[in-house]
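Worksheet for the structure shown next.
The values are calculated or read from the model by the stated rules, or taken from the named source; none is laboratory data. Here the structure is a predicted model, which is why all the values come from computation and not from measurement. Note that each Cβ is placed from the backbone with ideal geometry, even for glycine, and that neighbours are counted across all protein chains shown. Just so you know, the surface numbers come from the protein's heavy atoms only, side chains and all, with ligands and any DNA or RNA stripped out. Shrake-Rupley method; radii C 1.70, N 1.55, O 1.52, S 1.80 Å.
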Amino acid sequence: MSLLYRLLKRSKAVLLCALVVSQYSHASVIMNGNRIIYPASAKEKTLQFTNQDPHPNLVQIWLDINNPNSNPSTADAPFVATPQVFRMEPNSGQAVRLMFTGAGLPQDRESVFYFNFQQIPSVKSSDKDKNKLLLLVSNRLKVFYRPNSLPGSSDKIGDELIFSVKKIQGKTHLVVNNPTAYHANFTQATITTAGKSVSVTDITMVAPKSEISWPLKSAISVNNSSVLQYKLVNDYGVEIKGKYQF
């Protein structure tokens, strides 16, 4: 039985509103960093949480393989977080240990999983029979499981990416080939030719040793003077600008 279910069972008069927001907008329980790099050589990784509220909060953690609608009951990633549920006092911190429990992952490339933590404000016993708005705040971060001795460097991934522009089913696409062992996490891409700029739509993360195509907002002809400007997110969650000359 999940923590949230037990909370609602004890407080039937509480009106529940669940919202998913980023840790930078409304969340008052935050975790240091916006992604987790888990080296294969690590026995565990310590994550640090902080409660910035003047009141207590409950926090629940679970991990999934790739299910944005996951919950603690459907958690399926090969990781264990300890503790999985904890109470944070006002303006306090909490350390959480993350341990890999799986086996058989590819050793020539990264694997990605997703770390979820949910902030549940505590309900005072004097308020349990009152109609109150209980705001749940959920956060979802990527976890990169990184095998030992991968070739190249995650910091230099932009130097090895290969880009091209192709017509696919009558629509112009930017094709990205990632021959590296690391995930290429794009946030922006724009092609400029002869003063005309066209942005790429539906940008996603490009997995290691894979190719993906993204549709352009409008058709554009690419020549030797065309330039692609893009942004990648590095291990520290910082956007790094890159440029590619066709």
Quiz item: Restricted to region 204-246, and to residues that are within 14 Å of Asn178 (Cα to Cα) and either among the charged types (D, E, K, R) or outside any strand (DSSP E or B) (or both), which residue is least open to solvent (accessible area, probe 1.4 Å)?
Solution: Pro208
Practice problem: Give me a count of the residues in region 214-240 that are farther than 19 Å from Thr201 by Cβ, touching a strand residue (DSSP E or B) at 6+ places or on another chain (Cβ under 6 Å) and of a type outside the set (Val, Ile, Thr). | Solution: 3
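So that you can scan it fast, the table gives a plain yes or no per residue for (1) on the phi > 0 side of the Ramachandran plot; (2) in a strand (DSSP E or B); (3) modelled with pLDDT of 95 or more; (4) out of contact with any helix residue (DSSP H, G or I) (no Cβ under 8 Å at 6 or more places or on another chain):
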site: Ile36; (1), (2), (3), (4): no, yes, yes, yes
site: Pro54; (1), (2), (3), (4): no, no, no, yes
site: Leu63; (1), (2), (3), (4): no, yes, yes, yes
site: Asp76; (1), (2), (3), (4): no, no, yes, yes
site: Val80; (1), (2), (3), (4): no, yes, yes, yes
site: Pro90; (1), (2), (3), (4): no, no, no, yes
Quiz item: In region 26-49, what residues are surrounded by 15 or more Cβ atoms within 10 Å (Cβ to Cβ) and within 22 Å of Ser92 (Cα to Cα)?
Solution: Ala27, Ser28, Val29, Ile30, Met31, Asn34, Arg35, Ile36, Lys45, Leu47, Phe49
Quiz item: What are the residue pairs meeting all of these: first residue in region 141-155, first residue open to solvent by 60 Å² or more (accessible area, probe 1.4 Å), second residue part of a strand (DSSP E or B) and not basic (Lys, Arg), Cβ atoms under 8 Å, and 6 or more apart or on different chains?
Solution: Asn148/Pro39
